[in-house]
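Colleague: Below you will find the structure I want to go over with you.
The values are calculated or read from the model by the stated rules, or taken from the named source; none is laboratory data. Here the structure is a predicted model, which means the values were calculated and not measured. FYI the Cβ positions are ideal-geometry reconstructions off the backbone, even for glycines, and counts take in every protein chain you see.
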Amino acid sequence: MMDIEELSKAQLILLTILVNFVTSVATGILTVSLLDKAPPVVTQTINRVVDHTIERVVEAVPEVIRPSSPAPSNQDLVTAALALDAERTVAIHSEKTGTSTPAISLGTYLPGARAIITAARDSLPKEVLVGFANGAYIPASLSHSGNGVMIYGFSDTAALPKVTAPLLIPSKDLKIGQTALAIAVDGAAATGIVARVNDAGIRTTLPDIGAGSAVVDLTGNLIGIAASSATPGILISADTITTLLTATSTTVKGS
């Protein structure tokens, strides 16, 4: 018979585990046997104690908090808004000369109205060739003009590019100091802020971006279009454009 003092550390650990296991089994058997013989009141009390203990343990477990997606930075918003503006910016060429000569104006494509809007100028012809960002060139005809804006429409059979349609932001929703973005006539990006809004129009801190160039907010929606190179920063409001589009119907047709 081996003396307990002669056992190694590993053997002592195994012996301890065996004793604890046997004790646990014996305790479980004894508890079940006693509960079977105990009055119902005692059994119900023990069950309630066990239930409350489990509830407290569950409440104490900290809830796993998953990190939320980071909000887009101001740079991300500017980049996305300019990308939307760029895909709607079109070059307007005279139909007579086509693309053999430089564009005579910039315009903005409004897919919902199937129309091109630009700042009114006497030099703009009635029949033009519109160059889109995807490289397509589609003829268009002057449909209506007024209040410093010219609208060109396409034939019903013209297959126009699919781009994201902008909202036209009413002047009353503009705030002094909000960001104003544009793609200038030379293709360069320009940034500024809304400096003033009144009945005369919208003033921004944008440089000369070229008559007819669109100005958008951080969501890529239309604030207005540049009125003239002679008055940098002055915009024709989206209200004016909306009024003109409504007067000519939502679908502008070319000849």
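Colleague: Among the residues of the range 198-223, count how many are within 22 Å of Pro170 (Cβ to Cβ), in contact with a strand residue (DSSP E or B) (Cβ under 8 Å, 6 or more places away or on another chain) and in contact (Cβ under 8 Å) with a residue 40 or more places away in the chain.
Modeller: Within the range 198-223, residues that are within 22 Å of Pro170 (Cβ to Cβ), in contact with a strand residue (DSSP E or B) (Cβ under 8 Å, 6 or more places away or on another chain) and in contact (Cβ under 8 Å) with a residue 40 or more places away in the chain number 9.
Colleague: Tell me whether the range 136-156 contains one or more residues that are among the hydrophobic types (A, V, I, L, M, F, W, C), in a strand (DSSP E or B) and closer than 15 Å to Ala86 by Cβ.
Modeller: There is no residue in the range 136-156 that is among the hydrophobic types (A, V, I, L, M, F, W, C), in a strand (DSSP E or B) and closer than 15 Å to Ala86 by Cβ.
Colleague: Could you list all residues from the range 190-216 that are part of a loop (DSSP other than H, G, I, E, B) and not β-branched (Val, Ile, Thr)?
Modeller: Hits for the range 190-216 are Asp199, Ala200, Leu206, Pro207, Asp208, Gly210, Ala211, Gly212, Ser213.
Colleague: Just one of Lys126, Lys172 is out of contact with any Ser or Thr (no Cβ under 8 Å at 6 or more places or on another chain) and surrounded by fewer than 20 Cβ atoms within 10 Å (Cβ to Cβ); which is it?
Modeller: Lys172
Colleague: I'm trying to understand the selection: among the residues of the range 148-169, which are of a type outside the set (Phe, Trp, Tyr), surrounded by 13 or more Cβ atoms within 10 Å (Cβ to Cβ) and over 28 Å from the mean Cα position of the chain (by Cα)?
Modeller: Residues satisfying the conditions are Gly148, Val149, Met150, Ile151, Gly153, Ser155, Ala158.
Colleague: With on the phi > 0 side of the Ramachandran plot and either surrounded by 23 or more Cβ atoms within 10 Å (Cβ to Cβ) or modelled with pLDDT of 95 or more (or both) as the only criterion, which of Gly220, Gly192, Gly210, Gly201 stands out?
Modeller: Of Gly220, Gly192, Gly210, Gly201, the one residue that is on the phi > 0 side of the Ramachandran plot and either surrounded by 23 or more Cβ atoms within 10 Å (Cβ to Cβ) or modelled with pLDDT of 95 or more (or both) is Gly220.
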